[in-house]
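Okay, structure first, notes after.
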Amino acid sequence: MPRSRELAITVPAERTIDREQVAARFCAHLAKLYRSLAADDPAGKLNERQVLARSFPVRWRVGQLQPASLVDASDRLHRFSAERYAPMTLVREVPVTARIWNQTAEGSIDLLVKTPRGPDRP
């Protein structure tokens, strides 16, 4: 199967769209792709992974993402992580809290790569 390096964002002919809108839509598509990669477990059964991958384009309304491509991208991400950060552990949905001036920000890290030596710094 050929691998595409492009993500198409379609715009109806009667509409114009500026760069900020294109950038925002592109980032939204990337965020949805990232969520699918973080949710996938490459150690799982292939048919279960394919079911999960088929649900993402429907759930996130991004028909451009093909389920087979999501499984392939997840395999490549996990293979790269294992080679680059070995030994490592992947931890999903890690809660984080940060104090920023007088406010508290809370959220979660979708997929954290945990290594014995700590953060990888350039």
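None of the figures in this text is laboratory data; all of them are computed from the coordinates on show. Predicted model only: the values in this text are computed from it and were never measured. Virtual Cβ from ideal backbone geometry, glycine too; neighbours counted across all protein chains shown.
With θ taken as phi - 60° and the Karplus curve 6.51 cos²θ - 1.76 cosθ + 1.60 applied, the whole-hertz 3J(HN,Hα) list for region 109-115 is 8, 4, 9, 9, 9, 9, 10 Hz, x standing for glycine and proline. Under 5 Å between amide hydrogens, built in the peptide plane, is the criterion, and for Leu111 it picks out Glu93 among residues at least 5 positions away or on other chains. Extending 7 Å from Cα along the Cβ direction at Gln66 and again at Ala23 yields two label points whose distance is 3.1 nm.
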